[in-house]
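Heads up: the structure comes next, in structure tokens.
The values are calculated or read from the model by the stated rules, or taken from the named source; none is laboratory data. Given the structure is predicted, the values throughout are model-derived calculations rather than measurements. In this analysis, Cβ positions are derived from the backbone assuming ideal geometry, glycine residues included, and neighbour counts consider all displayed protein chains. Quick note on the areas: whole protein, heavy atoms, side chains included, nothing else; ligands and nucleic acids left out. Shrake-Rupley method; radii C 1.70, N 1.55, O 1.52, S 1.80 Å.
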2 protein chains.
Amino acid sequence: MTRVAVDAMGGDRAPAEIVKGAVKAQSLGCAITLVGQKGAIEEQLAACNASVSPNLSIFHVENVVAMDESPAAVVRSRRESSLSVALEMVKSGDADAAVSAGNSGAVMGLAMRTLGRIKGIERPAIATVFPILGGGETVLLDAGANVDCSPENLLQFALMGNEFARGVLGVRQPRVAILSIGEESSKGNLVTKEAATLLGSADLKFIGNIEGGRLFSGDADVIVCDGFVGNVTLKVAEGTAEFVQSVLAREFRASPLRMLLGRWSKPVFAALKQRTDYDQYGGAPLLGVNGVAIISHGRSNANAIYNAIREADEAAKHNVVCRISAAVGG
Amino acid sequence: MTRVAVDAMGGDRAPAEIVKGAVKAQSLGCAITLVGQKGAIEEQLAACNASVSPNLSIFHVENVVAMDESPAAVVRSRRESSLSVALEMVKSGDADAAVSAGNSGAVMGLAMRTLGRIKGIERPAIATVFPILGGGETVLLDAGANVDCSPENLLQFALMGNEFARGVLGVRQPRVAILSIGEESSKGNLVTKEAATLLGSADLKFIGNIEGGRLFSGDADVIVCDGFVGNVTLKVAEGTAEFVQSVLAREFRASPLRMLLGRWSKPVFAALKQRTDYDQYGGAPLLGVNGVAIISHGRSNANAIYNAIREADEAAKHNVVCRISAAVGG
């Protein structure tokens, strides 16, 4: 049974939504430890008519990392906090995975310091899973951990994404692509062009470049890029999806008849929102560190936390860390 | 009266859609010259019950640049083509602007060689105008002309975008931002961080970084980034808008009731498509060359060409080239 340590105090809506998500995640069959202020957590458990059990425990830690603290200062201070303890539990083997919706720079920094890097990985990367049109999922990395990357970094991202897709997404032979500005190998910037050569000679099913327009096409299982491009890409996609839905909502208010149609079509909009909402994709695994660490969105609600715990469970069960270690080490 | 030279043979749907767009654009009150194979153009004019007139003429050129020719080879060959002649007309003063939906690498390369750069501009950039939520427009550059950029390039893009927004979009004091991965000035890659310092001391209303999620917010009038990031951004936005609309269409087919609702809601979808479709934003001006050149999407239909001609007319009327020259020259 997977043991997941959840930072109960991290996130804009902590601890309420975090606790609620953990209560829901009991159905996954893993053992969850809520790390944070005992009193506050118990209060939230009571609010959702739940209580501690063999599979839902509390580990009291008084201190909390604030959402707006400088990540560098948090890492330097070596202060005990709900976040640092959740990660220490993974390090010590008391947990198989950690989940936090807290200050994402601090989660990343502390995870790297506490867990250390997998041998052969120069830079851990944030992986993000998103839905594709025909069903199924694609993983993109790096989603923002490393803004300036070398071609070698991109190769390591590809190897890590490949193991993640095999282990967690269940793709036997993932198709790996580089996010670029044209399908031809001659298209790209200095880093992507060199990376293409490296990926081409690696033990990967490298399919070449993929353009931004084909992100949701399902043509690739793993898409690699530097953290600057990855972060812009994901935020643009999020912003565009919101934009389109706002225009739609506005158009459905343009006349009394349209308002009526809009009201009747509510289940459609709900389904659309569900297909495009971040909270279905609860968290982003930090790949390349020696342990499973899932970074959730600061805005995470209970559903997002539930999904993050599910991801943590999957990554631990499928030994993603060992797989990556084997792929880069040997 | 603005004189616009239109490459009648460039584009996936040339000459039919190009000619149709030009016929429609006569209403704009500019004088249009269709450059290309006379016979083919006349045939298309007849197909839309139009004919040459003082404001709609044909300039016969036999040769055509194929969509898949190597842009470098096209530029090197110095061969006469409908594209090269349209640009030469701008160079010689026989036209005030050129429009082409042809091979965009060739359009860019030939425009640079034929028109030359404005003094003080190291790298011309492709500007793209897109809609924002509350109405109005934002211009983003570079959309793909220069994949690897220096901070100085970004500063020049900002100055050019500023003049374009003032001249063509009619914004008195454009708010200029750098596309980056966080609002704080400490966030970004090596190039954007240095560019922020340069833009901060330039004669611009620089508002700092803007994240990808706020692309359509209207918080900035001009957004600058390197051509790699810009191209990925625009394609991701296009792909996401298509993705959301595909999910929506699928949901509206999920049951007989929903299909009925979907049928009644058709005007809503048409309005949505219109708000998000590229063909409302007919072309991307290549800023920084000594003349107005509009690069249209290869897939351009008549409506896109109409809008590209409208943009060419606006850019010429508002002296965007002189404005940029004055802004960078001092």
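Flag: residue B:325 matches the condition of being open to solvent by 20 Å² or more (accessible area, probe 1.4 Å) and among the small types (Gly, Ala, Ser). For the stretch A:83-142, a residue qualifies if it is open to solvent by 50 Å² or more (accessible area, probe 1.4 Å) and without any contact (Cβ under 8 Å) to a residue 24 or more places away in the chain, and exactly one does: A:92. With respect to residue B:95, is the statement that it is at pLDDT 95 or above and assigned to a loop (DSSP other than H, G, I, E, B) true? It is true that residue B:95 is at pLDDT 95 or above and assigned to a loop (DSSP other than H, G, I, E, B). Kindly establish whether residue A:179 is open to solvent by less than 20 Å² (accessible area, probe 1.4 Å), in contact with a Cys (Cβ under 8 Å, 6 or more places away or on another chain) and among the hydrophobic types (A, V, I, L, M, F, W, C). So residue A:179 fits the description; yes.
Checking each residue in the stretch B:24-40 for being on the phi < 0 side of the Ramachandran plot and either free of Cβ contacts under 8 Å to residues at least 40 places away in the same chain or part of a strand (DSSP E or B) (or both) picks out B:26, B:27, B:31, B:32, B:33, B:34, B:35, B:38, B:39, B:40. If I filter the stretch B:162-182 for residues that are in contact with a Pro (Cβ under 8 Å, 6 or more places away or on another chain), small (Gly, Ala, Ser) and closer than 25 Å to residue A:190 by Cβ, do I get at least one hit? No.
Against the numbered list (1) without any contact (Cβ under 8 Å) to a residue 12 or more places away in the chain; (2) buried (at least 21 other Cβ atoms within 10 Å of the Cβ), residue B:276 comes up short only at (1).
Just to be sure before I move on: is residue A:195 under 23 Å from the mean Cα position of the chain (by Cα), under 18 Å from residue A:142 (Cα atoms), open to solvent by less than 10 Å² (accessible area, probe 1.4 Å) and small (Gly, Ala, Ser) in the structure I sent?
no
Scanning the stretch A:215-232 for residues that are closer than 22 Å to residue B:248 by Cβ and buried (at least 24 other Cβ atoms within 10 Å of the Cβ) returns a single hit, A:215. When residue B:68 is tested against (1) in contact with a strand residue (DSSP E or B) (Cβ under 6 Å, 6 or more places away or on another chain); (2) of a type outside the set (Lys, Arg); (3) more than 20 Å from residue B:20 (Cα to Cα), exactly one condition is not met: (1). Residue B:146 passes all but one of (1) modelled with pLDDT under 95; (2) open to solvent by less than 50 Å² (accessible area, probe 1.4 Å); (3) closer than 18 Å to residue B:204 by Cα; which number fails? Of the numbered conditions (1) modelled with pLDDT under 95; (2) open to solvent by less than 50 Å² (accessible area, probe 1.4 Å); (3) closer than 18 Å to residue B:204 by Cα, the odd one out for residue B:146 is (3).
Only one of the numbered conditions (1) among the β-branched types (Val, Ile, Thr); (2) closer than 30 Å to residue B:257 by Cβ; (3) crowded, with 24+ Cβ neighbours inside 10 Å is not met by residue A:247, and that is (3).
For the stretch A:205-214, filtered to residues that are over 19 Å from residue B:181 (Cα atoms) and within 14 Å of chain B (Cβ to nearest Cβ), the residue that is surrounded by the most Cβ atoms within 10 Å (Cβ to Cβ) is A:210.
Just one of the numbered conditions (1) more than 30 Å from residue A:70 (Cβ to Cβ); (2) out of contact with any Ser or Thr (no Cβ under 9 Å at 6 or more places or on another chain); (3) among the acidic types (Asp, Glu) is not true of residue B:183: (1).
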